[in-house]
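Working notes, structure below.
The values are calculated or read from the model by the stated rules, or taken from the named source; none is laboratory data. Since we're looking at a predicted model, the values are computed, not measured. Every residue, glycine as well, gets a Cβ built from its backbone with ideal geometry; the counts of neighbours run over all protein chains shown. We work out accessible area using only protein heavy atoms, side chains counted, and drop any ligands, DNA or RNA first. Shrake-Rupley method; radii C 1.70, N 1.55, O 1.52, S 1.80 Å.
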Amino acid sequence: MSTTTDSERYFTELTEALRAAGVPEEQITATVEDLRGHLAETGAHPEEEFGPAAAFAAQLGGLAPRPAEPDERAESWTWTADIFNDVRMLAVHGDEGWEVESLDSLGRFVCRRSTTAALRWEYRREVITGRRRTKVLAELEPEGWELCGEWLVYGYFKRPRAATAGPEGALEAPPATPLRTLFLSRRGKLALAVWLVVVCAAAAACFVGALGMGGFAITIALVSMFSSLFTSHWETAKGRAEQHHPEA
């Protein structure tokens, strides 16, 4: 009983300290829930595991800029990747402190990174079509995941790594902004090459008069549509297979 009381007292003190530091309420709730889950698995005492609540809160509280006080000097960067490479590149750039704010109309990731309190971010991608959307949101939001963008049938979720890694979620020396803005996988390059071949063939047919401008436009539209549908189906099937047969 005393252990439970000590734990409740610790998290109450931690919550109040984080709130005083200006950490958003939603992030406080997610962080505390994750820490509770961690202790439930390990059976450890909170102060032995995380240190004094006030000191731990001071470490966590400085990791997130206050919503009402945006960092005007924050870096901005927009990039994109094919559907086969986006999750991997999100992990790479999230570890470099880039936070996805949205996806633009072209499917590019619009990111920002604080210059004063950079924080590592983690991401995941889920299929959120139809009724599955409600189910996915209900499962992920209590764990601190926030929907930060949508593209085709996918939803992209983010959360600060500090929610699970504590002080290790901070980034002391962020690397320089990448010069590249396009990250293609081998399969993505192959798909692009096939698309270019078909488009060039259609353009040649249009030039010699075998295919009118209307036919040329329809060909490009159909190739693009079937390419999107195929890659979407491919990745969805892959995700389901990984869910049913996780790696040991």
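Worth a mention:
- First in region 176-187 and closer than 13 Å to Trp77 by Cβ and open to solvent by less than 90 Å² (accessible area, probe 1.4 Å), second anywhere and of a type outside the set (S, T, N, Q) and assigned to a loop (DSSP other than H, G, I, E, B), Cβ under 8 Å, 6 or more apart: Thr181/Arg108; Phe183/Asp82
- Screening region 123-146 for residues that are of a type in the set (Ser, Thr, Tyr) and either over 14 Å from the mean Cα position of the chain (by Cα) or more than 19 Å from Gln27 (Cβ to Cβ) (or both) and picking the one that is most open to solvent (accessible area, probe 1.4 Å) gives Thr134.
- Annotation: of all residues in region 29-53 being at pLDDT 80 or above and under 26 Å from the mean Cα position of the chain (by Cα), the one that is farthest from Lys158 (Cα to Cα) is Arg36.
- Boolean, Arg120 is open to solvent by 70 Å² or more (accessible area, probe 1.4 Å), closer than 25 Å to Glu25 by Cβ and not hydrophobic (A, V, I, L, M, F, W, C): no
- In the set (1) free of Cβ contacts under 8 Å to residues at least 40 places away in the same chain; (2) in a loop (DSSP other than H, G, I, E, B), the condition left unmet by Gly155 is number (2).
- Contact map, region 15-44: first residue touching a residue at least 24 places away in the same chain (Cβ under 8 Å), second residue β-branched (Val, Ile, Thr) and open to solvent by less than 30 Å² (accessible area, probe 1.4 Å), Cβ cut-off under 7 Å, separation 6 or more or different chains; pairs are Leu18/Ile28.
- Single unsatisfied condition, Glu26 versus (1) open to solvent by 20 Å² or more (accessible area, probe 1.4 Å); (2) modelled with pLDDT under 80; (3) more than 20 Å from Lys158 (Cα to Cα): (3)
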